[in-house]
1. In whole Hz, with x marking every Gly and Pro, tabulate ³J(HN,Hα) for segment 30-38 from phi via Karplus 6.51 cos²θ - 1.76 cosθ + 1.60, θ = phi - 60°.
2. Based solely on its DSSP helices, what 222 nm [θ] is calculated for the chain when runs of n ≥ 4 H residues each add -39,500 (n - 2.57) and the sum is averaged over all residues, nearest 500 deg cm²/dmol?
3. Which trypsin sites (Lys or Arg not before Pro) in the chain pass both tests, a DSSP loop state and at most 11 other beta-carbon atoms within 10 Å?
4. In nm, to one decimal, how far is the modelled label at A47 from the one at D9, with both set 7 Å along Cα→Cβ?
5. With axes computed from alpha carbons, what is the tilt in degrees of helix 60-69 against the longest principal axis of the chain, rounded to the nearest 10 within 0 to 90?
6. Stretched out fully, how many nm does the piece from T57 to A35 gain, at 0.36 nm a residue minus the Cα gap?
7. Using a Gaussian network model of the chain with C-alpha springs under 10 Å, which one of E13, E34, E56 is most mobile by mean-square fluctuation?
Amino acid sequence: MAVARGMSDIVYESQVRIERTRGPHRLAYLPAREAPVEFGVHGPIAAHYGASPDNETTTTLDYVVAATGG
């Protein structure tokens, strides 16, 4: 028979603020960083959104993949 267990106390709550600047481009204000992190689009994702190729930057997906591998 399984025993029900309660959740442990919260030990960390991330305080993040996202600011949309234009189109798919955003600024993320993250803990332990003085400057915001810029998120946007590049490559095929930029083409999908019709974004200018001279304003390509890292996507949120790139950060998720990097964090998963880290």
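1. 3J(HN,Hα) across segment 30-38, in whole Hz: 10, x, 6, 10, 6, 9, x, 9, 8.
2. -6500 deg cm²/dmol
3. R5, R33
4. Distance between label points: 5.3 nm.
5. Its long axis makes an angle of about 50 degrees.
6. 6.3 nm
7. E13
Laboratory data are not the source of any read-out in this text; all were calculated from the coordinates shown. Computed from a prediction, not measured in an experiment: that's the story for all the values here. Cβ coordinates were reconstructed from backbone atoms using ideal geometry, including for glycine residues, and neighbour counts include every protein chain displayed.
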